[in-house]
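The values are calculated or read from the model by the stated rules, or taken from the named source; none is laboratory data. Because the structure is predicted, anything quoted here is derived from the model rather than measured. Cβ sites come from the backbone with ideal geometry, for glycine too, and all protein chains shown count toward neighbours.
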Amino acid sequence: MGMDRREFIRISGLAALLGLSGKGAFELVRPGQVEAAVAAKPGAEGVVRWAMVVNMQKMDEATAKKCIEACHRVHNVPDFTKPKDAKDAVPPEVLNRYEVKWLWTEHFHNAFPGEEPPVMPEKIARLPFLLLCNHCDNPPCVRVCPTKATFRREDGIVNMDMHRCIGCRFCMAGCPFGVRSFNWRDPRPYITQEYPGYPTREIGVVEKCTFCAERLAQNLMPACVEASRGTLIFGDLNDEKSKVRDTLKRYFTIRRKVHLGTNPQVYYIV
Amino acid sequence: MLERALIGTKRYYLLLAVLAGIFGVGFLFYLQQLKFGLGITGMGRDVSWGFYIAQFTYLVGVAASAVMVVLPYYLHNYKAFGRVTILGEFLAVAAVTMCVTFVLVDMGRPDRVFNVFKYPTPNSVMFWDIIVLNGYLLLNILIGWNVLECERHSAAPPKWIKFLSYVSIPWAVSIHTVTAFLYAGLPGRGYWLTAIMAPRFLSSAFAAGPSLLVLLCLLVRKYSKFDPGKEQIQSLAKVVTYATLINVFFFFCEVFTVFYSQIPDHMLHFQYLFAGLDGKARLVPFMWFSIVGMTITAILLTNPKLRQNENTLAALCGMVIITTWIDKGLGLMTGGFVPNPMEKVTEYAPTVPEAAITLGVWALGFLVLTLLYKVAVSIKEEISS
């Protein structure tokens with residue numbers, strides 16, 4: 001690992017001084033490498049970079065709804081408007097505070113604030129733009145997390161360890177896209193049908209879209225992509241022959257808030 | 001020395017009982033929060049930090065302001081402050097205690113708090129904030145306690161304590177700088193994305209903290225035989241005056257950059273706070289009261305006659321405390337989150353349990369403060385008799 005004896009002694013001494021041991025010391029030497037090493041590396045050799053294209057030319061309300069339903073179903077995302085037991089009903093005025101969403105829609109002027117031309121096609125102004133975690137190349141949420149509970153994998157996926165999250169919500173303040181949700185209350189009474197393939201959450205942790213890391217590990221496409229019937233295109237940006245790469249070469253796309261330098265990896269064809 | 005905190009007048013016990021009672025009520029609500037989750041508060045997915053983190057931020061400032069009595073005493077040999085350094089340091093101890101508690105009650109998973117040490121993450125500002133805050137707490141306990149002990153035996157404090165006192169000076173600046181960096185480095189929050197955040201935090205801290213110290217000195221004089229001293233109070237008043245003026249100046253610097261540049265991402269937050277957005281304007285009267293009140297107070301403080309009269313001084317200090325609290329407590333947190341990244345407006349107001357827990361933490365802090373001040377004042381009385 002390119003470290004001479006002197007350097008090793010210096011760092012291990014420093015680690016001992018800070019009372020670190022095991023993984024903690026390793027983190028000091030090679031920050032973020034532990035998760036990357038244990039993370040699944042789907043696909044062929046070479047570096048994989050997952051990315052998504054949302055083709056708004058094919059998007060409509062029904063498709064967006066199907067994508068959201070597919071995502072929320074396989075990730076056990078609670079719906080606070082539908083309690084399993086009537087006694088758990090949530091008053092309507094607090095629904096938007098508690099809301100957990102991995103995938104949802106906004107109009108153009110909310111999805112791309114400040115980018116809206118004064119005159120634009122009525123059709124586009126009314127389109128449901130699908131919003132999700134951008135899996136940024138330079139994610140502020142990862143930068144601010146005090147426990148590395150949110151981390152960036154080598155394949156570009158920004159993932160969450162919900163068992164490590166302390167619920168400080170620094171990542172929610174850090175994310176400029178508002179894609180992170182917090183479990184303000186127990187989500188389980190609001191999951192109509194529990195999906196066995198993904199864990200449900202407890203109170204007090206943050207969650208968000210994971211680009212379906214658990215499905216990619218089984219060589220499956222993300223749930224939303226599967227449900228979208230070609231409206232969402234997903235693949236390895238680094239693979240010259242991938243559909244996502246080809247699409248980006250053929251169409252001009254926009255991304256959310258690029259000026260902030262986070263380098264989002266969800267692209268929109270308008 | 002601690003035994004001094006155990007014996008006192010009836011009024012002293014009553015004060016302790018009242019504070020303990022408020023703390024107890026807050027604690028009961030906290031148990032409810034643990035069970036239900038943070039949804040018991042007024043926070044939500046758009047305004048994800050609220051009252052707790054606001055108080056935390058404000059109190060880091062109060063804690064840092066101890067440096068305003070420590071620095072003149074140790075670096076400029078300003079002997080008069082020797083009488084009040086202990087009050088400043090013990091105020092810092094109480095303030096940091098509240099800060100740490102506020103962070104704890106704000107956590108979704110307080111049971112996992114040690115993950116911060118188990119997986120140390122130097123790229124997170126929160127990691128550093130925890131280090132500097134706990135370090136500052138330790139420094140002030142060590143310094144305050146040892147200096148008081150030495151004073152009691154009329155001995156000079158040991159050299160290592162003097163060394164720690166010097167260390168505590170830049171350390172005090174660091175706690176509020178790092179706290180400002182929690183906010184000032186986030187790309188998508190226009191209200192916080194300003195290089196002047198840390199300077200602003202420090203100026204409002206050096207206005208509010210010494211104001212509180214002036215009030216505490218006046219109380220100590222009234223209810224004990226120890227007089228912190230007229231000169232000391234007047235020197236603190238000058239610190240309050242300059243810091244408040246600088247704080248108002250910084251605010252207008254901010255307003256200039258935001259509105260002359262006309263960048264919407266930055267203007268919208270100010271518009272929400274001072275004029276309302278999308279017809280939602282809950283904080284408007286508070287914000288105007290804060291900035292107008294702060295400006296008038298700063299101007300009045302420049303008048304030596306109003307400063308020298310301890311009644312008007314107390315009133316002005318009270319105004320500084322309230323106006324900076326609104327600015328940094330109410331405005332900073334909600335203003336940063338409204339509008340949200342989709343430029344939608346979700347307003348925030350604390351709920352009853354949230355307010356009760358907040359009061360409970362304040363009561364805990366004042367309980368610590370009362371006990372520590374009781375010890376300090378008893379020793380001071382003993383020496384002078």
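The table that follows gives values for the structure above.
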read-out	value
Boolean, B:GLY108 is within 12 Å of chain A (Cβ to nearest Cβ), surrounded by fewer than 24 Cβ atoms within 10 Å (Cβ to Cβ), in contact with a Pro (Cβ under 7 Å, 6 or more places away or on another chain) and not in a helix (DSSP H, G or I)	no
Test result for B:LEU19, surrounded by fewer than 19 Cβ atoms within 10 Å (Cβ to Cβ) and in a helix (DSSP H, G or I)	no
Selection status of B:TYR272, more than 23 Å from B:ALA63 (Cβ to Cβ) and either touching a helix residue (DSSP H, G or I) at 6+ places or on another chain (Cβ under 7 Å) or not charged (D, E, K, R) (or both)	yes
Test for B:LEU142: is it surrounded by fewer than 19 Cβ atoms within 10 Å (Cβ to Cβ), in a helix (DSSP H, G or I) and more than 14 Å from chain A (Cβ to nearest Cβ)	yes
Any hit, the range A:139-148, residues being outside any loop (DSSP other than H, G, I, E, B), in contact with a Pro (Cβ under 9 Å, 6 or more places away or on another chain), closer than 27 Å to B:ASP106 by Cβ and more than 7 Å from every other protein chain (Cβ to nearest Cβ)	no
Condition broken by B:LEU38, with the remaining ones in (1) within 14 Å of chain A (Cβ to nearest Cβ); (2) surrounded by fewer than 23 Cβ atoms within 10 Å (Cβ to Cβ) satisfied	(2)
Total residues in the range A:115-147, condition touching an Asp or Glu at 6+ places or on another chain (Cβ under 7 Å) and not aliphatic (A, V, I, L, M)	2
Test result for B:GLY188, buried (at least 19 other Cβ atoms within 10 Å of the Cβ) and modelled with pLDDT under 95	yes
Scope the range B:41-69; condition more than 14 Å from chain A (Cβ to nearest Cβ) and surrounded by fewer than 24 Cβ atoms within 10 Å (Cβ to Cβ); matching residues	B:MET68
Residue list for the range A:106-118, filter: in contact with a strand residue (DSSP E or B) (Cβ under 8 Å, 6 or more places away or on another chain), more than 10 Å from chain B (Cβ to nearest Cβ) and part of a loop (DSSP other than H, G, I, E, B)	A:GLU115
Candidate set: the range A:82-105, residues that are of a type in the set (Asp, Glu) and in contact with a helix residue (DSSP H, G or I) (Cβ under 9 Å, 6 or more places away or on another chain); chosen: the one farthest from the other protein chains (Cβ to nearest Cβ)	A:ASP85
The one condition in (1) more than 14 Å from chain B (Cβ to nearest Cβ); (2) in contact (Cβ under 8 Å) with a residue 12 or more places away in the chain; (3) over 18 Å from the mean Cα position of the chain (by Cα) that A:GLY235 fails to fulfil	(3)
A:GLU93 without any contact (Cβ under 8 Å) to a residue 60 or more places away in the chain and not in a loop (DSSP other than H, G, I, E, B)	yes
Condition broken by A:THR81, with the remaining ones in (1) in contact with a Leu (Cβ under 7 Å, 6 or more places away or on another chain); (2) surrounded by 15 or more Cβ atoms within 10 Å (Cβ to Cβ) satisfied	(2)
Positions within the range B:321-350 being outside any helix (DSSP H, G or I), facing another protein chain (nearest Cβ under 10 Å) and not charged (D, E, K, R), in sequence order	B:PRO339, B:ASN340, B:PRO341, B:MET342, B:THR346, B:TYR348
Residue match in the range A:209-227 (condition: over 16 Å from A:ASN76 (Cβ atoms), away from every other protein chain (no Cβ under 14 Å) and touching a helix residue (DSSP H, G or I) at 6+ places or on another chain (Cβ under 6 Å))	yes
Residue pairs meeting the criteria (Cβ under 8 Å; at least 6 apart or on separate chains; first of a type in the set (Phe, Trp, Tyr), in the range B:221-233; second loosely packed, with under 15 Cβ neighbours inside 10 Å)	B:TYR223/B:ARG11; B:PHE226/B:GLU381; B:PHE226/B:SER384
Residue ID - farthest from the other protein chains (Cβ to nearest Cβ), chosen from residues in the range A:156-166 that are in a loop (DSSP other than H, G, I, E, B) and surrounded by 23 or more Cβ atoms within 10 Å (Cβ to Cβ)	A:ILE157
